Amino acid sequence: PSSLIIDTDPGVDDAFAILLALSSKECDVRAVTASYGNVALDKTFVNARRIVALAGRTDIPVAAGAARPLVHVQAEVAPEWHGADGLGMQSSGFPEPGPADPRPALDLMVSVLRESSVPVTIVCLGPMTNTALLLAAHPELTPRIGRIVAMGGALGMGNTRGAGEFNVYADPEAAHRVLTQPEVPVTLVPLDLTMNCTADDQWLETLSQAGPRCATLVRTAALYREATRERYNLDAIALHDMLAMLEAIRPGTLRTTPHRVNVACTLGPGRGMTVPDRRPDASGPLVDIALDTEGEVVLADALRYLSTLG
Ligand code: BDR
Ligand code: CA
């Protein structure tokens, strides 16, 4: 099974993704690290610990990382999608949070990497600040990172201030650090894929029927479902992070195309854009961008995994 560090900002779709990993026998979750993102760090940290508690996995260390982006003071948040509590105003339906690991997220990541006898996959489900700090502070550990799978970016329509995708827009400098480094292979799962691979009411209802834990999870998505209908006039929700997780657990689930990617880090309307350099003579590291999959098969697989939570 793949060994995972989950770097996350829960977040409704983060909750689906984390619980997918915890319900799969194909991966070994070694740590969860929280970042600011969908809501502020104090809330994402508690939410991450509530989510592991829901799965009965309080043995997994959960640590708090960055409270703000690398360069800019302002942390972007998205309570209009995820609720003020980050879990669709349903966090009270979760068990009490599991223990808080006292180490900073960076130290926890370092100790997991040092102790692991196999390459570790880092799954980035939020702003890439924690992971960028790790790469910058511990270049000697990059050989121990087998792969980074990050939900983020958009080649077409963005979802934050126009052209940006939330996770990249929230910390473009961090995303740039992760996406342009040559040491660790990166798979990027952008909006272009996640907006085309959505969960409808039937999917949510079937999951909800699988048992009380699944019902708790599905309740977090109600507000997100409403926001999707009102703002995008869509009848199914994009559980972005869940698709990245499926790729991390089962490499090759998503079909990827290699691109050189730059991140627009300037202030202004292009901030946070992921810009592919398509020139045949372009140089620099390639990022595998997931642009295609069998949507129905993948969603059916996710439903099957999650349902085992009961
Ligand atoms: C990404 O931003 C967050 O709102 C979601 O959790 C996901 O990681 C989608 O743009
Ligand atoms: Ca997220």
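Derivation of every value follows stated rules applied to the coordinates shown; laboratory data play no part. Predicted model, so just to flag it, every value in this text is computed and none were measured. So basically every Cβ, Gly included, is an ideal-geometry build from the backbone, and we count neighbours across all protein chains shown.
Observations on the structure shown:
- Extreme residue, farthest from ligand 2 (Cβ to nearest atom), among residues of region 45-64 that are farther than 20 Å from MET109 by Cα and either touching a strand residue (DSSP E or B) at 6+ places or on another chain (Cβ under 9 Å) or in a loop (DSSP other than H, G, I, E, B) (or both): GLY56
- When SER307 is tested against (1) among the small types (Gly, Ala, Ser); (2) free of Cβ contacts under 8 Å to residues at least 60 places away in the same chain; (3) more than 27 Å from LEU179 (Cβ to Cβ), exactly one condition is not met: (2).
- Considering the conditions (1) at positive phi; (2) more than 11 Å from ligand 1 (Cβ to nearest atom), ILE5 is excluded by exactly one of them, (1).
- The residue of region 137-162 that is nearest to ligand 2 (Cβ to nearest atom), among those that are among the hydrophobic types (A, V, I, L, M, F, W, C) and under 20 Å from the mean Cα position of the chain (by Cα), is MET151.
- Residues in region 25-44 that are within 13 Å of ligand 2 (Cβ to nearest atom) and in a strand (DSSP E or B): 3 in all.
- Leading residue by the ranking (nearest to LEU246 (Cα to Cα)) among those in region 174-203 that are in a helix (DSSP H, G or I) and of a type in the set (Val, Ile, Thr): THR194
- Matching residues, region 168-186, being touching a Leu at 6+ places or on another chain (Cβ under 8 Å) and either at positive phi or within 16 Å of ligand 2 (Cβ to nearest atom) (or both): ASP171, ALA174, VAL178
- Candidates GLU205, GLU173 - the one that is away from ligand 1 (no atom under 16 Å from the Cβ), more than 19 Å from PRO10 (Cα to Cα) and under 21 Å from the mean Cα position of the chain (by Cα): GLU173
- The strands (runs of 3 or more DSSP E) located wholly in region 211-310 that include 3 or more residues which are surrounded by 18 or more Cβ atoms within 10 Å (Cβ to Cβ) occupy 255-263, 287-292.
- Yes/no for ALA17 being of a type in the set (Gly, Ala, Ser), touching a Leu at 6+ places or on another chain (Cβ under 8 Å) and part of a helix (DSSP H, G or I): yes
- Here SER307 passes the criteria (1) at negative phi; (2) out of contact with any helix residue (DSSP H, G or I) (no Cβ under 7 Å at 6 or more places or on another chain); (3) not β-branched (Val, Ile, Thr) except the one numbered (2).
- Top-ranked residue of region 8-42 - restricted to ones that are within 23 Å of PRO172 (Cβ to Cβ) and out of contact with any Asp or Glu (no Cβ under 6 Å at 6 or more places or on another chain), ranked as nearest to ligand 1 (Cβ to nearest atom): GLY11
- Test result for VAL12, surrounded by 24 or more Cβ atoms within 10 Å (Cβ to Cβ) and closer than 22 Å to TRP81 by Cα: yes
- Checking each residue in region 110-138 for being of a type outside the set (A, V, I, L, M), buried (at least 16 other Cβ atoms within 10 Å of the Cβ) and part of a loop (DSSP other than H, G, I, E, B) picks out SER116, GLY126, PRO127, HIS138.
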